[in-house]
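Worksheet: one structure, shown below.
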Protein chains: 4
Amino acid sequence: MVVVMKAGATKEDVDRVVQKVKEAGGDAHIVVGEFKTIVGLVGDTERFMELPLTSLPGVESVVRIGKPYKLVSRSAHPTLTDVKVGPASVSRRTFSLIAGPCAVESLEQSMAAAMASKAAGATILRGGAYKPRTSPYTFQGLGIEGLEILAECRKETGLPILTEVVDARDVEIVAQWADALQIGTRNMQNFQLLAEVGKTGKPVMLKRGFAATIEEWLMAAEYIAREGNLDIILCERGIRTFEPWTRNTLDLAGMVVAQNESHLPVVVDPSHAKGKRSLVEPMARAALAAGADGVMVDVHHHPDEALVDGAQALEPNDLTRLGAELAALSHAVGRPFASEI
Amino acid sequence: MVVVMKAGATKEDVDRVVQKVKEAGGDAHIVVGEFKTIVGLVGDTERFMELPLTSLPGVESVVRIGKPYKLVSRSAHPTLTDVKVGPASVSRRTFSLIAGPCAVESLEQSMAAAMASKAAGATILRGGAYKPRTSPYTFQGLGIEGLEILAECRKETGLPILTEVVDARDVEIVAQWADALQIGTRNMQNFQLLAEVGKTGKPVMLKRGFAATIEEWLMAAEYIAREGNLDIILCERGIRTFEPWTRNTLDLAGMVVAQNESHLPVVVDPSHAKGKRSLVEPMARAALAAGADGVMVDVHHHPDEALVDGAQALEPNDLTRLGAELAALSHAVGRPFASEI
Amino acid sequence: MVVVMKAGATKEDVDRVVQKVKEAGGDAHIVVGEFKTIVGLVGDTERFMELPLTSLPGVESVVRIGKPYKLVSRSAHPTLTDVKVGPASVSRRTFSLIAGPCAVESLEQSMAAAMASKAAGATILRGGAYKPRTSPYTFQGLGIEGLEILAECRKETGLPILTEVVDARDVEIVAQWADALQIGTRNMQNFQLLAEVGKTGKPVMLKRGFAATIEEWLMAAEYIAREGNLDIILCERGIRTFEPWTRNTLDLAGMVVAQNESHLPVVVDPSHAKGKRSLVEPMARAALAAGADGVMVDVHHHPDEALVDGAQALEPNDLTRLGAELAALSHAVGRPFASEI
Amino acid sequence: MVVVMKAGATKEDVDRVVQKVKEAGGDAHIVVGEFKTIVGLVGDTERFMELPLTSLPGVESVVRIGKPYKLVSRSAHPTLTDVKVGPASVSRRTFSLIAGPCAVESLEQSMAAAMASKAAGATILRGGAYKPRTSPYTFQGLGIEGLEILAECRKETGLPILTEVVDARDVEIVAQWADALQIGTRNMQNFQLLAEVGKTGKPVMLKRGFAATIEEWLMAAEYIAREGNLDIILCERGIRTFEPWTRNTLDLAGMVVAQNESHLPVVVDPSHAKGKRSLVEPMARAALAAGADGVMVDVHHHPDEALVDGAQALEPNDLTRLGAELAALSHAVGRPFASEI
């Protein structure tokens, strides 16, 4: 950590910083520049961060050098993590297709989506029984009935289930049914919920908040990891920008940075990032080519009757084609397609 | 609601839209333009929103005309709402100062902040016992002990207490101690938490999400209102932008728009929006001049020892000066300063 | 175009809108909804846009339905445009690699970059003789000397030259040397410069402004097209967002939308979008997989001595590897790699 | 400047950095932390910035400590600058009202606006003869005829003229007619234009780019200052964010930061920032209360007939009321209203 002193800071100002740091068990090196003096701190950065250094006289700013995450950090944990979800695995060594209905609406609709997903090469079935919606006047999910339907689909297809949980009070019941738990974009900084899913020991997919920095995303993962659970799949799903024509802007470079910074697998959700069917396929291919560990897409046999996000769902035959394209691209870049292993 | 057809849409495409709308109990008017045809829908917009119209062949886009919020909408509820918080009131007719410690750290620190707030003209005491923090390695609040300290401060100063709740499971206990509940920026779309605080019947301050549109903010208020609770104070606290030199960009025009769109009082938090002490005072004055119904500021008697956000807390004598400035400006714009009534 | 009336608008308010529209030679259809009335306009949208309709009493807002661009629009010009740059061509039917030095610094450096580009499969040589720089205290380019160096490189390699022009007064001289002119991100709305390059008849690469919407980008292209020049290559190069760890966020979906909306080829510049070498390769591959018509990358034989943007330049052997990867991916998606035709 | 080494950097890596810095005439201090080593550089930061340090092996990042602007910097030039515009002056000691038509459309319209501006307390008349427009199909200004009309208005009212210049080739002619030149938001990084207006010796109002950081804005001012011209008025006019309901988000804290960082006066344009008349007045008052050195507003006697931006123009009686409000608030905060001196 570096403390930057103001142009007119006195020796006393600098000494006060040094003393604070030493009181906190650290050491401080002073570098006197032409215009400004900086103080380089050596020791426990977390302790230093708790010090209100910017409130001291003569201090202009504090620049953090090290990264605030530990358990999810690749430098502290160089072995890449393979996350097992039932019989499937999400990892840097393969490319996974995760597919299913956005929301579970009925057994018939979900089973059709599950069969189509399986056929297209998906190794994990996604589906929402609890839906966080911007408006209280829209469909909020089937709840436990939805979980039961997903379990039926699992029984029929053999695909493990990934489903969202939105309330700390529901974690226990959802964890009983699901193979993996999903934390949605709006809950990325719902720290109580993160701790609860961490405690279940189930694998967790953590979506990036639509306005979260990569650092905040990794810090959110750290909340889960702190409960002893490193089975975390990160999911980039687009960030909010000024551009009005696409719902969100998919940050594929952010995905690559998250792969470099952490040992966790990182997948991409092009369905929710874009909200338009015609953009889902090109963005799924782009995610693969950029090195993502998988993609997650919505499928619906009658998108024009979907209760949630029909505009972005692929039809079964679209999904089949996409699965084939992804398998081919996967081979071209020398990476095994997960369903073929 | 208006459905915009693609340039090459056929008569069948248009008829299909009309039929869907009629099946949903609505009516549709076709306007044939030079290049494009549009269909104007008449009836229940919420029903129409559930229809997957954009998935129909020939449909380019759907443009919502009406606003999705009802209970908090000013057009549906023209009388402005005064929110009572203990003996105080937050309303369009006065200008309120809300002040207190960012986080409750100890009885001594909180009491000093409470006394300074009272002296400066505050009518409500704010203070956090539960703190949502980006890093799991930082101070997370004193919890119930913090609530007890706030109650001591209330007893001593007579100021009602506003405090944050971050977990649906804590709502009951926090509501027992507090006069008003605060929903923080990261929880603005934690819909389960919104419903729980709505059920308590206590007044709620709803902070705008740092990346939420005004519409999403009002829809979040609608979640609270749906539980029968219209005692909602909206709080603008800055939005996330590309500018790195200030933590967030305070959206004062957004505050004015929220006042125009809803019947709820809207206050401004310049402390958290800016994160720098030297910007808090000008932004508090600006909020008043722009017509805000109040401001909320942090105070700490030793900012350089604060456990949370010391860089933005005012010292007691700064707060005294700010209180006097706000009272004077309040008189200049012909609006009663709440503590003087 | 649709005019939305306020909830309380009177019949007179509506009639005033209709009259204005009729005076402008258009026609208006009134659709009376439950809460609001809308007026659908039929006729010349450009005329209507000039009418100050939002200033009329009772008008809430005006929603444009049609797109404001014409000449670059795909619906008005369904045949896709192939842009010839010297012996090369940039089009939807192939995938082009454009490479070269960010800035021309010397003959030796530029020639090394040009040879490496040619060897890697580039069909166009890029290189900046005039550099727009944020700081007046940094290297601003070699000017005419730089153009002469580029011409030497063209002579040696046979690659046509693409180079930036930043001042309307330089267009004539730059157009004498270059095979294609580049408009940089900061000049995307320098409308006088756009008109000048349009007049030269030379092909133009138009980079997207780092904070421009797709619509604004296409409207900027319209300024060039209006001068009779449709030889325009659009270039997505990343947009400014809140994320601090990557310089800009590459908007690949925006690239796809631009391809759908216009008949022009669209390429991607992953070098400037990211500003980090390790992100250039994955983003170049992602651009290809998403369907871009080409990529443009920086190359420098000694990036650690580059005067401009060394951190993002590939070394010659990196470029060779990337060229091979792109050629292989290109075959995998069934698209000819431009240099192989 | 601080160079941060990667976690695994070797002694050779550090030595290479030190050597590069010494070759550039600087000095380097090594601070070995627990996880990372940092190198503090002492000497000419501009020289160091030209070094491609981030390309050296073992280097993670480079953190600039000092600010890149010099001539406009307050630390280098502590005396605040008063900018004279004809008989008027814009400075930190007073509050100025600048008003006039957005675009000059006719003598009658401009004269009405000029008279209304004068009556409301404006000391400078603004008006656009050259308009940069997003669409090539909209009114682009009257050009020289517009300048002549502005001169007529000056003759009649005695108010000095501020008008925009958009093309380096027009600077000479515009400077002959105008008392001060305006650089618009889209041209903030049109560096050739900045240099040209700097050379005229006329005062320049530099609007902030709608997506420019404060640092980039001050660097743009540095381009003007480098030509020997320090008569620069900075103008905050709103930045682009994700919020769709207001055209831009006015960054009043950014205005305060610009005042702290530079010696130049900083005014606010609430008309263009918001694009809605009902928001202009509250934002103008807020700007004053936040400490701005003035505001600039549009006026039009028939906004519903304006050719440009009618939706944001105040009518003359609105302007009169706003002038009175600003004068009263100015007195309340103890700052002379410029027209009353």
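The values are calculated or read from the model by the stated rules, or taken from the named source; none is laboratory data. None of these values were measured; they are calculated from a predicted model. Positions of Cβ are generated from backbone atoms using ideal geometry, with glycine treated the same way; all protein chains shown enter the neighbour counts. All accessible areas refer to the heavy atoms of the entire protein, side chains included, with ligands and DNA or RNA removed. Shrake-Rupley method; radii C 1.70, N 1.55, O 1.52, S 1.80 Å.
For C:Ser135, work out the one condition from (1) of a type in the set (Ser, Thr, Tyr); (2) modelled with pLDDT of 95 or more; (3) not in a strand (DSSP E or B) it doesn't fulfil.
(2)
Which residues, taken from region D:112-133, are of a type in the set (Gly, Ala, Ser) and closer than 29 Å to D:His331 by Cβ? Write out each step before concluding.
Of region D:112-133, the ones of a type in the set (Gly, Ala, Ser) are D:112-114, D:116-117, D:119-122, D:127-129.
Correct list: D:Ala112, D:Ala113, D:Ala114, D:Ala116, D:Ser117, D:Ala119, D:Ala120, D:Gly121, D:Ala122, D:Gly127.
Does B:Ala178 count as closer than 27 Å to B:Phe191 by Cβ, away from chain A (no Cβ under 14 Å) and not acidic (Asp, Glu)?
Values: closer than 27 Å to B:Phe191 by Cβ: yes; away from chain A (no Cβ under 14 Å): yes; not acidic (Asp, Glu): yes.
Spelling it out, B:Ala178 is indeed closer than 27 Å to B:Phe191 by Cβ, away from chain A (no Cβ under 14 Å) and not acidic (Asp, Glu).
Can you work out which of the residues in region C:169-185 that are surrounded by fewer than 23 Cβ atoms within 10 Å (Cβ to Cβ) and not aromatic (Phe, Trp, Tyr) is nearest to C:Glu222 (Cα to Cα)?
Step by step, filter region C:169-185, then rank; the result is C:Val171.
When residues of region C:176-210 are filtered for being more than 11 Å from the chain's Cα centre (by Cα), part of a loop (DSSP other than H, G, I, E, B) and closer than 26 Å to C:Leu150 by Cα, how many remain?
6
What is the one condition in (1) open to solvent by 70 Å² or more (accessible area, probe 1.4 Å); (2) within 9 Å of another protein chain (Cβ to nearest Cβ) that B:Glu23 does not satisfy?
(2)
Consider C:Pro57 against the criteria (1) open to solvent by 30 Å² or more (accessible area, probe 1.4 Å); (2) within 29 Å of D:Leu279 (Cβ to Cβ); (3) in a strand (DSSP E or B): it satisfies all of them except one. Which criterion is unmet?
That leaves (3) as the condition not met.
Just the residues that are closer than 23 Å to A:Asp44 by Cα and open to solvent by 50 Å² or more (accessible area, probe 1.4 Å), please, taken from region B:131-150.
B:Tyr137, B:Gln140
Among (1) hydrophobic (A, V, I, L, M, F, W, C); (2) more than 30 Å from D:Gln19 (Cα to Cα); (3) touching a Gly at 6+ places or on another chain (Cβ under 9 Å), there is one condition C:Leu264 misses while meeting the rest; what is its number?
Here C:Leu264 meets the rest and fails (3).
Got a sec? Which of A:Ala114, A:Ala122 is in a loop (DSSP other than H, G, I, E, B), open to solvent by less than 50 Å² (accessible area, probe 1.4 Å), in contact with a strand residue (DSSP E or B) (Cβ under 6 Å, 6 or more places away or on another chain) and more than 14 Å from chain B (Cβ to nearest Cβ)?
It is A:Ala122.
Count, please, the residues in region C:237-275 that happen to be closer than 22 Å to A:Ser330 by Cα and within 7 Å of chain A (Cβ to nearest Cβ).
Qualifying residue count, region C:237-275: 3.
Output the residues belonging to region D:288-308 that are surrounded by fewer than 24 Cβ atoms within 10 Å (Cβ to Cβ) and in contact with a Lys or Arg (Cβ under 7 Å, 6 or more places away or on another chain).
Scanning region D:288-308 gives a single hit, D:Val308.
Scan region D:276-287 and tell me whether some residue there is open to solvent by less than 20 Å² (accessible area, probe 1.4 Å), of a type outside the set (Lys, Arg), in contact (Cβ under 8 Å) with a residue 40 or more places away in the chain and more than 12 Å from every other protein chain (Cβ to nearest Cβ).
no
Cβ-Cβ under 6 Å, sequence separation 6+ or interchain: first residue in region B:174-191 and not assigned by TED's automatic domain parsing to the domain that holds B:Trp217, partner surrounded by fewer than 24 Cβ atoms within 10 Å (Cβ to Cβ) and acidic (Asp, Glu). Which pairs?
Between residues of region B:174-191 that are not assigned by TED's automatic domain parsing to the domain that holds B:Trp217 and residues that are surrounded by fewer than 24 Cβ atoms within 10 Å (Cβ to Cβ) and acidic (Asp, Glu), there is no close pair.
Look at B:Glu325 and say whether it is in the same structural domain as B:Leu264 (by TED's automatic domain parsing), within 27 Å of B:Leu80 (Cα to Cα) and acidic (Asp, Glu).
Judged against the criteria, B:Glu325 is a match.
Take B:Arg93 and tell me if it is farther than 30 Å from A:Glu215 by Cα and part of a loop (DSSP other than H, G, I, E, B).
yes
In this structure, is C:Leu162 part of a strand (DSSP E or B) and not β-branched (Val, Ile, Thr)?
Yes; evaluated as a whole, the condition is true for this residue.
Could you count how many residues in region D:244-269 are surrounded by fewer than 24 Cβ atoms within 10 Å (Cβ to Cβ) and acidic (Asp, Glu)?
1
Exactly one of these conditions fails for B:Glu46: (1) in a helix (DSSP H, G or I); (2) farther than 15 Å from C:Lys36 by Cα; (3) facing another protein chain (nearest Cβ under 9 Å); (4) open to solvent by less than 30 Å² (accessible area, probe 1.4 Å). Give me its number.
If we test B:Glu46 against (1) in a helix (DSSP H, G or I); (2) farther than 15 Å from C:Lys36 by Cα; (3) facing another protein chain (nearest Cβ under 9 Å); (4) open to solvent by less than 30 Å² (accessible area, probe 1.4 Å), just (2) comes out false.
Can you report the number of residues in region D:192-210 which are within 9 Å of chain C (Cβ to nearest Cβ) and open to solvent by 10 Å² or more (accessible area, probe 1.4 Å)?
3
Take the residues of region B:49-67 that are within 8 Å of another protein chain (Cβ to nearest Cβ) and under 17 Å from C:Ile30 (Cα atoms): which is farthest from the chain's Cα centre (by Cα)?
Checked region B:49-67; the qualifying residue farthest from the chain's Cα centre (by Cα) is B:Val63.
Where residues in region D:211-225 are open to solvent by 10 Å² or more (accessible area, probe 1.4 Å) and part of a helix (DSSP H, G or I), which of them is farthest from D:Ala76 (Cα to Cα)?
D:Glu216
Determine whether C:Gly228 is more than 7 Å from every other protein chain (Cβ to nearest Cβ) and surrounded by fewer than 20 Cβ atoms within 10 Å (Cβ to Cβ).
Spelling it out, C:Gly228 is indeed more than 7 Å from every other protein chain (Cβ to nearest Cβ) and surrounded by fewer than 20 Cβ atoms within 10 Å (Cβ to Cβ).
Run B:Met49 past the list (1) touching a residue at least 40 places away in the same chain (Cβ under 8 Å); (2) in the same structural domain as B:Leu142 (by TED's automatic domain parsing) and report the number of the one that doesn't hold.
Every condition holds for B:Met49 apart from (2).
Considering only residues of region A:309-341 that are assigned to a helix (DSSP H, G or I) and modelled with pLDDT under 85, which is most open to solvent (accessible area, probe 1.4 Å)? Show your work before the answer.
So in region A:309-341, the residues assigned to a helix (DSSP H, G or I) come out as A:310-312, A:316-332, A:338-340.
Retained after the next criterion (residues that are modelled with pLDDT under 85): A:310-312.
Numbers: A:Gly310: 7, A:Ala311: 35, A:Gln312: 2 Å².
Only one residue fits best here, namely A:Ala311.
Could you list, in sequence order, all residues of region A:262-291 that are farther than 14 Å from A:Gly238 by Cα and in contact with a strand residue (DSSP E or B) (Cβ under 7 Å, 6 or more places away or on another chain)?
If the condition is that a residue be farther than 14 Å from A:Gly238 by Cα and in contact with a strand residue (DSSP E or B) (Cβ under 7 Å, 6 or more places away or on another chain), then A:Ser262, A:Leu264, A:Pro265, A:Arg277, A:Leu288 are the ones that fit.
Of all residues in region A:60-87 being without any contact (Cβ under 8 Å) to a residue 60 or more places away in the chain and part of a loop (DSSP other than H, G, I, E, B), which is farthest from A:Gly228 (Cα to Cα)?
A:Ser75
Can you tell me which residue is least open to solvent (accessible area, probe 1.4 Å) among those in region C:68-88 that are facing another protein chain (nearest Cβ under 9 Å) and either closer than 16 Å to D:Val308 by Cβ or among the basic types (Lys, Arg) (or both)?
The qualifying residue least open to solvent (accessible area, probe 1.4 Å) is C:Pro68.
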